[in-house]
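Take a look at the structure set out below.
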Amino acid sequence: MNTRREDGRSRALFVSHDMLWPTIGGGRTRCVKVLMRALRERAVDLVVVAPAEDVARDSQVIPSLPGLRCHVFVDESPPGPAPVRASRPATDLIRRHVAQNGDYDVVHVEGHYLLEVVPPELHHRTVLAEQNIESQLLEQRAALGEPVAAADVVGLRERELRAWRRAGALVTLSAEDEAAVLERDRSLAPRLITNGWDHRPGPTRPAQDARGTLTAPRLLFVADYDYAPNRDAFRWLVSEVFPHIRNEIPGATLVLGGVNLAADLARLGESCPGVLVTGYVADLDAELDAADIVLIPLRIGGGVKLKTIEAIWRARLIVSTTNGGTGVPDPLRAAMCIADDAKSFAEHAVRLCRNPAERRRRLAVLTNNRRAAPTWEQTLNQLMGLWSEVAGQAERATGSAPVDAGWSTTTSSVP
């Protein structure tokens, strides 16, 4: 079926599990970057299937962009341990658009659980990007003692594998996730297309540290606490890690910033000596620059962590879990201190505070290996190339001619 619009511009469908504006957090930042790059070449229908509270909170800030039509739907799936999205009205809308305008040139979805929203007849045109491998996150939660049933993990793994096999192409964001996919099915051919790193400005001059022992260090963790792995990181950091640091360095301060912090977490933080709960961080660059060490205490997650790459890009010293360092190129990972138990994690932070020579050495590694970090232009060019590849394969399979990209303006709408 022809994918040409009346104005001659090719069309893409972008399906998101989250509201994209305001652009806070790694998932939203990534999706907006992809969307804005796509709009340079195609008209895009954005279909969002998100929780009711997010739709109510954020629908009014969706911008009107040339070439974009936006449709927002409330997620109809029941609550459960694994991420799911369902909306019959969203699927019906997509089918109506196809009936009225012809097939989409390409479909992009962020997360295997969104593929159920896309009509099966479009799956061969779909690029499926996995920000995380969700079954691994569920396994990590179980390992930490959360009440996760083995059957839930098995069912999630089956759904993931089924979606990966049905999609026209599969994208992973880290080499670790790529390897995990291939371990599940060697016949799959995932494309490793990581996030870019340069959406925030880098330091204005090379990072230096001429100070001696830090007796009153400022430690920083910033996150969106709507996300369960960030809530776990908050609790672990406050309850198990920071008390070790504070015992060794009584003047240490832990700054906990970010959005959507629930009252129980705020109370936990405020009850811990030396902790400063700041809430929303208006100037992240200034907060990063003020920190002596950025802490990435993520015990759950996959893909590439935006908070990690932002700290590295800003040339900050980092203590992280292994999980927090996934997707970081080896030359830059060498600048990070990595530990997965509370005592070792704390000891890294204490040692950095007491050892100026090590601080200088790690900062030099960050400065000298800056070019190892991918830019958004590089990664998005890769992704757009994959879009064109999948679109071309679908056109050849259906016998329709490829469509030349043009330019048009459509209005944004939210039903």
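The values are calculated or read from the model by the stated rules, or taken from the named source; none is laboratory data. Keep in mind the model is a prediction, meaning the values are calculated, not measured. For neighbour counting, all protein chains shown are included, and Cβ atoms are generated from backbone atoms with ideal geometry for every residue, glycine included. With ligands, DNA and RNA removed, areas are computed over all heavy atoms of the protein, side chains included. Shrake-Rupley method; radii C 1.70, N 1.55, O 1.52, S 1.80 Å.
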Taking trypsin sites (Lys or Arg not before Pro) in a DSSP loop with at most 15 other Cβ atoms within 10 angstrom as exposed, one finds the longest site-free stretch of the chain at 212-415
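Can you give the calculated 222 nm mean residue ellipticity of the chain, where each DSSP H run of n ≥ 4 adds -39,500 (n - 2.57) and the sum is split over every residue, rounded to the nearest 500 deg cm²/dmol?
Roughly -12000 deg cm²/dmol at 222 nm, from the helical runs in the chain.
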Env charge @ LEU284, Cβ radius under 10 Å, K,R +1 / D,E -1, value -2
Where a ≥ b ≥ c are root eigenvalues of the Cα gyration tensor, a/c under 1.5 meaning rounded, otherwise prolate if a/b exceeds b/c and oblate otherwise, segment 139-246 counts as oblate
Ordered by number, the GluC sites (Glu not before Pro) in segment 231-328 that occupy a DSSP loop and have at most 11 other Cβ atoms within 10 Å are none
Cross-link reach from LYS33 to lysines, straight Cα distance under 20 Å and at least 8 residues apart if same chain, gives LYS305, LYS307
Heavy-atom accessible area per residue of segment 271-394, all protein chains kept, 1.4 Å probe, expressed in Å², is 36 Å²
Looks like segment 173-217, by Cα gyration tensor root eigenvalues a ≥ b ≥ c and the a/c under 1.5 rounded cutoff (else prolate when a/b is bigger than b/c, oblate otherwise), is prolate
Taking protein heavy atoms only, a 1.4 Å probe, and rounding to whole percent, the accessible area of the chain owed to carbon and sulfur comes out at 51 percent
Which of [x] 21.2; [y] 22.6; [z] 21.9 gives Kirkwood radius over Cα pairs in Å as computed here? It is [y]
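By its C-alpha gyration tensor, with a ≥ b ≥ c as the square roots of the eigenvalues, how is segment 220-296 shaped: rounded for a/c under 1.5, else prolate for a/b larger than b/c, else oblate?
Oblate.
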Treating only Lys and Arg (+1) and Asp and Glu (-1) as charged, each at its beta carbon, one finds that the chain has a dipole about its Cα centre, in Debye to the nearest 20, of 940 debye
